[in-house]
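These notes are about the structure you will find just below.
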Amino acid sequence: MKNQITSALSDFFFEYETPRQVLVRNRRVGVVCRLIQLGVLVYIIGWVFIYEKGYQSTDTAVSSVLTKMKGVGYTNVSGIETVWDVADYVFPPQGDSSFVVMTNYIITEGQKMGKCPELKGMHDCTSNADCVGGSFKRTGHGQMTGVCVNKTQTCEVLAWCPIEDDHTIPNPPLLISAENYTLFIKNSVTFPLFGVTRSNLVEGIDSNYIGKCLFHPKKEPLCPIFKLGDIVKLSGFSFEKLAQEGGAIGIVVDWTCNFDVDVKHCKPEYNFHGLYGNPSETDSASASVGYNFRYAKHYMEDKIPKRTLLKVFGIRFDVIVKSLARKFDIIPTLTAIGSGVGIFGVATVVCDLVLLYLLPKREFYKNMKFKYTDTQTQQDNESIDLDSNAYYTLEANSRQVQDEDKPNDPDSEAGSTEAEVSEMRIIDCREK
């Protein structure tokens with residue numbers, strides 16, 4: 001028992017089994033196999049390793065963005081001159097990654113709470129019956145009092161009066177000077193997997209450089225100060241057209257880094273895209289065109305609360321950080337190699353299908369590749385082998401006895417006769 005166990009362990013550890021292989025000399029099949037293997041090799045090297053960087057691990061960044069606007073605007077509406085600074089035209093003022101710069105507006109001054117007729121077209125009427133007191137209209141400006149104002153043929157409402165009239169949008173935009181405003185972007189990214197922190201104020205960008213640089217996609221691609229007119233132009237829009245009714249621009253800060261080289265080569269790239277619209281669109285009937293919102297400045301006059309209402313048309317800027325860092329890692333490398341080696345098996349499968357099912361000599365290849373066995377045939381063969389062994393054993397014993405009993409006289413026939421009888425018996429037994 002011990003010897004059997006020792007033998008089994010020895011066979012397990014010190015023997016190697018390899019599958020049976022058949023070498024087929026066929027030009028068509030050989031060419032197909034090599035072409036498939038070449039395609040797999042090109043896929044592994046070209047796509048997995050070179051294009052997809054399958055030998056590297058990846059990480060995305062944790063990002064922080066701060067913004068700051070600079071510039072002064074000037075308007076002269078009905079002889080009223082106004083200077084607009086950052087506190088007036090930027091919303092919100094905290095320097096977030098998403099903000100709005102006012103480029104046009106409709107102002108309604110001296111509003112106070114009271115009763116006044118609704119705007120024409122908002123809720124027209126011919127009698128008081130058309131104005132249900134205490135009700136609201138979704139697009140209206142206040143609560144209806146139940147009175148129809150004959151002069152305007154509209155319902156009277158309780159609201160901030162006079163009611164804002166925003167049917168006519170100023171053209172050209174009142175703050176077209178916003179084209180010359182500048183935007184400063186400060187961005188910091190951290191890649192936790194690799195323990196790397198970078199800022200868009202990279203090597204060579206100091207206070208002196210920032211004081212005189214202005215972003216240009218080719219001449220100054222790393223300058224963090226942008227002119228609003230340039231941003232809109234690079235996104236494909238016309239500033240004047242966008243400024244009239246507002247719009248949205250995405251500023252993409254792209255951090256695509258390879259940490260297999262020095263970290264100082266990890267630098268941002270800036271791209272600009274129009275959001276919620278396409279520069280080629282010319283359909284003026286599109287729904288919800290532009291970008292606008294309202295805000296009010298409240299004050300007291302003769303102990304009466306009043307407000308100045310502004311409908312602001314502006315350009316919304318969204319600073320979007322896009323990041324992807326890569327670095328060599330042995331685990332994805334081995335995974336990519338292993339999957340590639342496994343794909344090489346496709347060539348074998350395809351060639352086997354061609355050999356076994358498509359070629360004219362497929363039956364011949366089947367017989368060469370597969371060894372068929374039958375249970376009954378196996379039992380018959382085992383029986384024949386046993387009878388053959390018994391036959392050769394008896395024959396050997398008979399010859400041994402013959403040699404021992406054979407007299408020294410070479411002419412004696414006794415030993416020979418006895419041997420012949422034994423051989424005949426053995427043959428007869430085999431035949432039975």
**Complete:** In the structure shown, of 227/264; 264/327; 218/327, the pairs separated by more than 25 angstrom at the C-alpha atoms are 227/264; 218/327
**Prompt:** What's the extension gain from residue 43 to residue 299 if we count 0.36 nm per residue and subtract their Cα-Cα distance?
**Reply:** 85.1 nm
**Message:** Below 28 Å, Cα to Cα, which lysines can residue 361 reach? Residues fewer than 8 away in the same chain don't count.
**Reply:** 369, 371
**Request:** Could you sort 138-145, 73-80 so that the peptide with the highest average Cβ count within 10 Å comes first and the rest follow in order?
**Result:** 138-145, 73-80
**Item:** Set of lysines with alpha-carbon distance to residue 112 below 19 Å, sequence-local pairs under 8 removed
**Value:** 297, 303, 306, 311
**Prompt:** Residue by residue, what Karplus-based ³J(HN,Hα) values in Hz, rounded to whole numbers, does segment 138-147 have, using 6.51, -1.76 and 1.60 with θ = phi - 60° and x for Gly and Pro?
**Reply:** 4, 8, x, 10, x, 8, 6, 8, x, 10
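Every number here is computed from the coordinates shown, using simple stated rules; none is lab data. Given the structure is predicted, the values throughout are model-derived calculations rather than measurements. Virtual Cβ from ideal backbone geometry, glycine too; neighbours counted across all protein chains shown.
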